[in-house]
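Data block below; observations after.
The values are calculated or read from the model by the stated rules, or taken from the named source; none is laboratory data. Nothing here was measured: the structure is a model prediction, and the numbers come from that model. Cβ placement follows ideal geometry from the backbone for every residue including glycine, while neighbour counts extend to all protein chains displayed.
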Amino acid sequence: MERLKSHGDFVAVLKRRHRISRNDIVVHYLVRGDSVVHGNVTPQARRMGLAVSKAVGNAVTRNTVKRRFRVLAARYEDRLPEGIDIVLRAKPSAASASFQSLDEQMASGFDKVSRKVTQES
């Protein structure tokens, strides 16, 4: 999965207000149109960004949460439709959540995003 890098890309996803909320994770998503391809990003690419605020914990804790999110997102990225941008936002409770709990939440969140996108199309 490619990464969202620019502030404008993050804002575009968060501005749309399409989101799926779980106990410790919020998945914000935006399906890119063919005309909204930025730079050298292929239209089919799935892109992900992470938002882990200081409310989650200190730098070590935040980096641990980000590492877990990256591993889980890579595990379940094939459940997402092509051409989608997602921002995974950690709630403060994500710092104390077990890996298994985050795993289940990520899987169900990505499945729900996929269902919603197919319903909207």
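Here are a few things to note about the model shown:
- Residue match in region 85-92 (condition: farther than 15 Å from VAL26 by Cβ, without any contact (Cβ under 8 Å) to a residue 40 or more places away in the chain and either in contact with a helix residue (DSSP H, G or I) (Cβ under 7 Å, 6 or more places away or on another chain) or not in a strand (DSSP E or B) (or both)): no
- Hey, ALA94 closer than 20 Å to PHE10 by Cα, under 16 Å from the mean Cα position of the chain (by Cα) and among the small types (Gly, Ala, Ser) or not: no
- Among (1) buried (at least 18 other Cβ atoms within 10 Å of the Cβ); (2) in contact with a His (Cβ under 6 Å, 6 or more places away or on another chain) - the single one VAL113 does not satisfy: (2)
- Condition broken by ALA55, with the remaining ones in (1) hydrophobic (A, V, I, L, M, F, W, C); (2) part of a helix (DSSP H, G or I); (3) loosely packed, with under 15 Cβ neighbours inside 10 Å satisfied: (2)
- For region 101-121, residues that are among the β-branched types (Val, Ile, Thr), modelled with pLDDT under 95 and either touching a strand residue (DSSP E or B) at 6+ places or on another chain (Cβ under 9 Å) or outside any helix (DSSP H, G or I) (or both) total 1.
- Candidate set: region 58-89, residues that are touching a Lys or Arg at 6+ places or on another chain (Cβ under 8 Å) and crowded, with 19+ Cβ neighbours inside 10 Å; chosen: the one nearest to ALA45 (Cα to Cα): GLY83
- When the residues of region 74-84 are filtered to those that are free of Cβ contacts under 8 Å to residues at least 60 places away in the same chain and assigned to a helix (DSSP H, G or I), the one that is farthest from ARG32 (Cα to Cα) is ARG75.
- The conditions of being buried (at least 18 other Cβ atoms within 10 Å of the Cβ), of a type outside the set (A, V, I, L, M) and either within 15 Å of ALA94 (Cβ to Cβ) or modelled with pLDDT under 95 (or both) are not met by GLY39.
- The listed residue being at pLDDT 95 or above and either within 19 Å of ARG3 (Cβ to Cβ) or of a type in the set (S, T, N, Q) (or both), out of VAL71, VAL60: VAL71
- Checking ASP85 against (1) over 17 Å from GLU2 (Cα atoms); (2) touching an Asp or Glu at 6+ places or on another chain (Cβ under 8 Å); (3) not basic (Lys, Arg), the condition it does not meet: (1)
- Meets criteria (modelled with pLDDT of 95 or more and of a type in the set (Lys, Arg)) for ARG3: no
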